[in-house]
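All remarks here apply to the structure that follows.
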Amino acid sequence: MVKQLNRSNFSGPNYPEKIIQFGEGNFLRAFVDWIIDNLNQKTDFNSGVTVIRPIDTHHPSINEQDGLYTTIIRGLNEQNDAIATPRIIYSVNREILIYQDYQLYLKCAQNPDLEFIFSNTTEAGIAFSEKDKATDTPPTTFPAKLTCFLHHRFKFFNGKKDKGLIIIPCELIDYNGEKLKELVLKYAKLWQLSNSFIAWINESNTFCSTLVDRIVTGYPKDEATQLEQQLGYQDQFLDTAEYFYLFVIQGPNWLKQKLKLDQVDLNILIVDDIKPYKERKVGILNGAHTAMVPVAYLAGLRTVGQCMDNLQIETFVKNLLNQEVIPTLSLDKEQLKQFADEVLKRFKNPFIKHELISISLNSLTKFKTRLLPQLLTYSKQFNQPPKYISFSLAALIAFYRGKYQGQTISLTDDAHLLAKFNEWQPLYQNDVKTLVTNVLKMTEHWGEDLNNVPGLTNLVTENLKNILSHDIKNYIPNN
């Protein structure tokens, strides 16, 4: 009979509770908890995690496996062979369902050894609601739950300065730590909590903003039975992810010692400002995705893996990154080149089936945030529009027609943007220059009239005419 993964069948280390984690999802388990497990194994970090489920759901609890689960990290090695590394994670001790046992949740705040709080409650999680009350059990938003927790700790330890916590949110919003602290203080004011508590929040607690990067593919539903046979045990919390990971934490220098980073080689950076790293990720990783999607989709490809197997598309993406994105970013150019090479390797991961159509969601907004800064900076630096980004923009306009060479394209974007392109349908056939001019002068979307970028209107128009009249594959720039 196949064993169930739990601490009775698979005994291993137990670590004292020093970390509270808001969120039980796949990402945190294959990122933060995986990192903590590595720190525990390779250093004297010696920290166990108590997971707080921040929403009222009834899916199974990891308590059924005594906090244990398996990460399977998969990708390509240096020789480009597909490999997978399974690891039983021992860093998680238990999970508390806050909506079922609020008092047990508050009791965690009384732990004198507690040091860290991590979170990932999705981008919508760091929010504020005036309806939340300090007497709610629990209040609805994550910042309100956190404020109650911190206030309970403050009262229990009589405001002792050394009982503050290091709070490290991983939600995908800019300067997430600063935003979270702002909302905690807003709740403190709304609930008329004491000035001494507010001072304790400001002086004794450290809120860190972060940048997180790892593709976590989660529970491998289609492969679970096969993987469990290979592992030799049952695990209903299997979690799969890519090899690459990066954790950039904006915080004080002493955090390096606190996280034992001097004892181990992990891809964790403690920095003064995450902005350059955010620009690098958005410009190179996200920018490559956004630039590639319309070009590759119109060329008949449907997944990122297919794009990387296609020399024409791979060359297009490489040239776009090396010639137009990297020159506009502020970090060391050799570092940026190395990061770009890593991104392309990640795109080739055979274990990740990334559909182009899913990446195409809200592509116009993604182009604005991920590629427009590079387009504008490049144009100023070199007195001409970037040819690869401009071609991608032309392909994007063709993509938003909703059809290409007899194939219908499923578009997902804001209704008002789709309505504009629907209204412009006749221009695709009889006046491409006016169509491009209209798209570029959407100042409410772009923030400025892009027709004012010298040469851009003509270049995008020429590219779009070629794409609409012929097969896009005949015109993709590659030098």
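Numbers for the structure displayed
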| quantity | calculated |
| --- | --- |
| Percentage of interatomic Cα-Cα distances in the chain larger than 29 Å | 56 percent |
| Neighbour cut-off at most 11 other Cβ (10 Å), DSSP loop, chymotrypsin sites (Phe, Trp or Tyr not before Pro), segment 25-74 | none |
| Separation in nanometres of the label points that stand 7 Å from Cα toward Cβ, at THR140 and LYS155 | 2.4 nm |
| Table column - 3J(HN,Hα) (Hz), segment 216-224, Karplus curve with 6.51, -1.76, 1.60, x for Gly and Pro | 10, 8, x, 5, x, 3, 6, 10, 4 |
| Trypsin sites (Lys or Arg not before Pro) within segment 118-175: DSSP coil, no more than 10 neighbouring Cβ in 10 Å | LYS131 |
| Pairwise FRET efficiency - GLN229 versus GLN257, Cβ, R0 = 41 Å, nearest 0.05 | 0.40 |
| Listed residues SER392, LEU285, ASN458: farthest to the positive end of the dipole of segment 275-474 (Cβ charges) | LEU285 |
| Length added when fully stretched, ASP44-MET442, from 0.36 nm per residue minus Cα-Cα | 137.7 nm |
| Derived scalar couplings ³J(HN,Hα) [segment 432-437; Karplus, 6.51 cos²θ - 1.76 cosθ + 1.60; whole Hz; x for Gly, Pro] | 5, 4, 5, 4, 4, 4 |
| For ILE62, net neighbour charge (Lys/Arg +1, Asp/Glu -1) across residues whose Cβ lies under 13 Å away | -3 |
| Efficiency of FRET between ALA199 and ASN14 - r from beta-carbon atoms, R0 35 angstrom, step 0.05 | 0.45 |
| Cross-link reach list, lysines versus LYS260, counting only Cα pairs under 19 Å and skipping chain neighbours closer than eight places | LYS18, LYS42 |
| Proximal aspartates and glutamates relative to LYS186, as straight alpha-carbon distance under 13 Å, when same-chain residues fewer than 8 apart are discounted | GLU130, ASP132, GLU178 |
| R0 of 25 Å, Cβ-Cβ distance LEU190-TYR102: FRET efficiency to nearest 0.05 | 0.80 |
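Bear in mind that the values in this text are calculations on the coordinates, not laboratory data. Owing to the predicted nature of the structure, the values given are computational and were not obtained by experimental measurement. A quick note on method: Cβ atoms are made from the backbone with ideal geometry, for glycine too, and the neighbour counts reach across all protein chains shown.
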